[in-house]
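Colleague: Just dropping this structure here.
The values are calculated or read from the model by the stated rules, or taken from the named source; none is laboratory data. The shown structure was predicted, so the numbers you read here are calculated from the model rather than taken from an experiment. Here the Cβ positions follow ideal geometry from the backbone for every residue, glycine too, while neighbour counts run over all protein chains shown.
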Amino acid sequence: MRRVMTVGILAGLLLAAAPAWSDEQAPVAQAPSAELAVDWSTLAREFEAAVSRYIRLIEFTQRIEAEREQRAFDEALDHYVKFDAMTASLAAEEAEETMREFEERVALHVRKQAFTDELMATRKRGAETR
């Protein structure tokens with residue numbers, strides 16, 4: 001896939017640059033085929049190396065971004081777990097406090113009722129003795 005992409009990009013560059021090369025005059029005294037073949041193959045190798053490096057850098061960047069996103073997700077999950085634990089703890093403390101207050105009020109009500117019953121019994125005895 002990389003080779004196909006590289007060849008496609010190289011062909012596009014060659015086609016785009018062809019009109020500019022056709023305007024230049026080729027040297028008459030030299031044999032252009034041997035020199036141009038070496039230059040084009042060198043250019044193709046350099047271009048392929050540059051594309052390969054670019055692809056590696058893109059993959060590296062994507063891997064770093066994925067790791068950063070995973071780290072952010074893990075931190076958010078830890079925060080949520082701590083928040084949930086704190087909420088559960090506070091709810092348990094509130095339930096205990098409510099139960100303790102209820103028991104204190106029931107005990108106070110029982111003492112008041114016993115005191116009232118004792119007062120009523122005392123009044124009844126006082127009224128009977130008169």
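Colleague: Would you mind stating whether Ile58 is more than 13 Å from the chain's Cα centre (by Cα) and either surrounded by 10 or more Cβ atoms within 10 Å (Cβ to Cβ) or charged (D, E, K, R) (or both)?
Modeller: Yes.
Colleague: For Leu77, state whether it is on the phi < 0 side of the Ramachandran plot and at pLDDT below 95.
Modeller: no
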